[in-house]
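Below is one structure, written out as structure tokens; the observations come after it.
The values are calculated or read from the model by the stated rules, or taken from the named source; none is laboratory data. The model shown is predicted, which means the values in this text are computed figures rather than measured ones. Heads up, the Cβs are rebuilt from the backbone with ideal geometry, glycines too, and the neighbour counts pull from every protein chain shown. Protein only, heavy atoms only, side chains kept; ligands, DNA and RNA dropped before computing areas. Shrake-Rupley method; radii C 1.70, N 1.55, O 1.52, S 1.80 Å.
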Amino acid sequence: MNPMLELRGDAVARSQKAYIAQATFEYFVAILVSDAFLAKLLTYMGFSDSLIGIISSLISFSFLFQLFTIAMIPRIKNTKRTVVIFDTVSQLFFAGIYVVPFLRCGIHIKAVIMIGCLLAAYFLKYLISTVFFKWANSFVEPEKRGAYSAKKEMVSLVSGIVFTLLVGYAIDTFERNGMIVIGFAAIAVTITALNVCNLASLLLISGEKRERNTENQIHFKEIWKNTIRNRSFMNVVLMSSLWSVAYYMTIGFMGTFKTSELMLSVGAVQVINIGANLCKLAISMPFGRYSDKTSYAKGFRMALVILAASYLFNMFATPASRWCVVVFSVLQAVSQAGSNQNKLNICYNYVQSDYLVYAMTIQNSVSGIAGFAASLIGSGILAAVQRNNNQICGIPVYGQQVLSAISLGIVLITIAFTREVVEKQERVIQ
């Protein structure tokens, strides 16, 4: 049995609940530094659509930072203390991006500061994310990880719906009254308050009793043998990288597409997101149970099928058919109910426990690099289409429609690879 599960029942239960609370507060912050909120901030500051797309996709590039985790693991004497410090400072940098509009400097300096704050936030966050995942997840029985992940996500979604509605309405009100800058200040304060709640939740999770894990004594040759030379695991890395390419090829450019080309207000976008999250909420637990009953690979493939459908609809989204972007948003959210909880859990099936942190770090780093490269390519495609007055061979088309078509093709390839290769691999339960 996992040694963490040998703690008293009340300590395990408290840790599980605290992890759910922490994930919820972290989700709130993620809402405020992505999609329509981030797009509104960057648009106000005068950034171009292509630059906004790249900045919005920095999260994928930031996964590269996890490579530093491999060198950091032997130096971690106290997992809980390390996670608390890094995660708390990370949230402060997220709050900092909403302070940038108040700085008295040129647009280029503001862009550098903005990107610097985001990179610093993501660097600290992802440097310890796999360590944190294994620590917090160690309080969950192996056969219940899918259901627990679904429950954690459901709590975030339910509370996130209310949070999104309130903040979206507030920002729209500030904008109508010509006080959008005050709205940005309010978001900065909100993120800071959420950081305090996030910190309290982390402190409630039980710390590790064995301060020096077996991972700290593992030699590089063993890490290499059990990760890079593990064909089953590398197939998982390829699968998640293909997903990342498809996802980040399009998603970073959807915020401006919704608020600019489709002329939706931030409030309207958040209402759409709320509806999408309600659908995600309804499917999360069935997805989790399906993955526990069958396999994480099959659960991930089901999510890919739904993701493919979302891109198909988005290919036809225009101001005259804005309902297509609504369907796209719903299907994207539903697909995440399967992809989010299975992408990391699948490592348990193909990598020994002692090498899990290293494996997850490699998986996230490689897929992150692939995703950021896709966002750069997507930015070039979007800029080219816009320079041509949103036309290809005389046919009116938006850049985001083209990107969705490319993403659809990549997802179809990923579905075939997952079914024919990953699902057929021998797996273990641990």
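Annotations for the structure displayed:
- Rounded to the nearest 10 Å², the accessible area of L412 at probe 1.4 Å: 100
- Where K221, K258, K152 fall by accessible area, highest first, once all protein chains stay in place (1.4 Å): K221, K152, K258
- Whether the range 219-364 is rounded, prolate or oblate, judged on the alpha carbon gyration tensor where a/c under 1.5 counts as rounded: prolate
- Remark: the chain carries 42 Å² of accessible area per residue (probe radius 1.4 Å; ligands, DNA and RNA excluded).
- Given charges at Cβ of Lys, Arg, Asp, Glu: the chain dipole, positive-most of T418, I306, Q400: T418
- Residue of G409, G378, G178 that the Gaussian network model of the chain assigns the largest fluctuation, springs spanning Cα pairs under 10 Å: G178
- Low-density loop positions, trypsin sites (Lys or Arg not before Pro), the range 365-428 - DSSP coil, at most 16 other Cβ in 10 Å: R427
- Within the shell defined by Cβ-Cβ distances under 13 Å, the residues around L127 carry a net charge of +1, with Lys and Arg each +1 and Asp and Glu each -1.
- For a modelled paramagnetic label at A383, 7 Å from Cα along Cα-to-Cβ, the residues of the range 240-272 in reach, with backbone nitrogen under 16 Å, are 253.
- A probe of 1.4 angstrom, applied to the heavy atoms of all protein chains, finds T259 with accessible area near 30 square angstrom.
- Rolling a 1.4 Å probe across all protein chains gives M234 an accessible area of roughly 60 Å².
- Each Lys or Arg adds one and each Asp or Glu takes one away; over the other residues whose Cβ falls under 12 Å from the Cβ of L412, this sums to +2.
- Per-residue ellipticity at 222 nm computed for the chain from its helices equals -24500 deg cm²/dmol, with DSSP H segments shorter than 4 residues left out and the rest contributing -39,500 (n - 2.57).
- Carbon + sulfur, % of accessible area of the range 305-430 - ligands and nucleic acids excluded, 1.4 Å: 65
- Compared with the alpha-carbon gap, the fully stretched path from V397 to F316 is longer by 28.2 nm at 0.36 nm per residue.
- Debye, to nearest 20: dipole size of the chain, +1 on Lys, Arg Cβ, -1 on Asp, Glu Cβ: 620
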